Amino acid sequence: MEELTIGEVARRTGLRTSALRYYEEVGILPAPRRLHGRRRYDAEVLRVLEVIRFARQAGFTLEEIRTLFHGFGAETPLGERWQALAQAKLLELDALMDRARRMQEAIRRGIACGCVRIEDCALAEPRGTGEPVRAVLPSAPVEVGPRRDRMAGARRGLVAGVLRSSVIRRFRTVAIRSRPLSFRISDPVG
């Protein structure tokens, strides 16, 4: 029987050796035999890693993949395991797509709104009141806050900048006062 080093497995699968060690650590891959302290994998591990790659491409989490391999009784065939997990994943994806469609619709309604003043905007009405909201836009630029890491800070800065420029363009006729917004936009996405 052919035995492979961790480097050979990594080259054949395109994975990093650290990923292979991680899969062992979290219990997805069984611990390989060791020869002089070095990992020696059975060639069957290549097939297992292809199943893992396929499952990851299909959107399965590592926990779900561990369940696929180790969460059923030993007598349950892999095909039945896959069917059970795949059906659950399809339901999850249906819910996710439904939420994405609701989000798209909310964004389209916001784009089509066309209000000149936020006080007149029906999208900014509190749920169930039917009355327009009296809001005041802040005069000071939106503060980004402390940066925990460079990427998070960059994202916050980008979002704040886009919000500032779109608010200024969209509502330049609104009198701007220096106090925070005093309304809550209802969440149509739910």
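Overview of values
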read-out: Selection within the stretch 1-14 - under 35 Å from the mean Cα position of the chain (by Cα) and either open to solvent by 40 Å² or more (accessible area, probe 1.4 Å) or not aliphatic (A, V, I, L, M) (or both); value: Thr5, Gly7, Glu8, Arg11, Arg12, Thr13, Gly14
read-out: Members of the stretch 83-115 found to be farther than 17 Å from Glu63 by Cα and of a type in the set (Lys, Arg), listed by number; value: Arg99, Arg101, Arg102, Arg108, Arg109
read-out: Subset of the stretch 64-117 (residues that are in contact with a Lys or Arg (Cβ under 9 Å, 6 or more places away or on another chain) and among the β-branched types (Val, Ile, Thr)); value: Ile65, Thr67, Val116
read-out: Hits in the stretch 102-120 - residues which are open to solvent by less than 60 Å² (accessible area, probe 1.4 Å), part of a helix (DSSP H, G or I) and at pLDDT below 80; value: Ile118, Glu119
read-out: Every pair of residues 6+ apart whose Cβ atoms lie under 8 Å, when the first sits in the stretch 62-85 and is closer than 21 Å to Glu25 by Cα while the second is assigned to a loop (DSSP other than H, G, I, E, B) and of a type in the set (Phe, Trp, Tyr); value: Leu68/Phe60
read-out: Failed item in (1) small (Gly, Ala, Ser); (2) closer than 28 Å to Leu91 by Cβ; (3) in contact (Cβ under 8 Å) with a residue 12 or more places away in the chain, with Ala43 passing the rest; value: (2)
read-out: Flag for Glu50 being open to solvent by 70 Å² or more (accessible area, probe 1.4 Å) and not in a loop (DSSP other than H, G, I, E, B); value: yes
read-out: Matching residues, the stretch 1-24, being hydrophobic (A, V, I, L, M, F, W, C), in a helix (DSSP H, G or I) and closer than 17 Å to Ile65 by Cα; value: Ala19, Leu20
read-out: Members of the stretch 22-47 found to be touching a helix residue (DSSP H, G or I) at 6+ places or on another chain (Cβ under 8 Å) and either surrounded by 13 or more Cβ atoms within 10 Å (Cβ to Cβ) or hydroxyl-bearing (Ser, Thr, Tyr) (or both), listed by number; value: Tyr23, Gly27, Ile28, Leu29, Pro30, Pro32, Arg39, Tyr41, Val45, Leu46
read-out: Some residue of the stretch 93-101 being in contact with a helix residue (DSSP H, G or I) (Cβ under 9 Å, 6 or more places away or on another chain) and either exposed (fewer than 12 other Cβ atoms within 10 Å of the Cβ) or small (Gly, Ala, Ser) (or both); value: no
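The values are calculated or read from the model by the stated rules, or taken from the named source; none is laboratory data. Quantities reported herein were computed from a predicted structural model and do not represent experimental measurements. Glycine gets a Cβ as well: all are built from the backbone with ideal geometry, and neighbour counts include every protein chain shown. Each accessible area value is taken on the protein alone, full model and side chains, heavy atoms only, with ligands, DNA and RNA left out. Shrake-Rupley method; radii C 1.70, N 1.55, O 1.52, S 1.80 Å.
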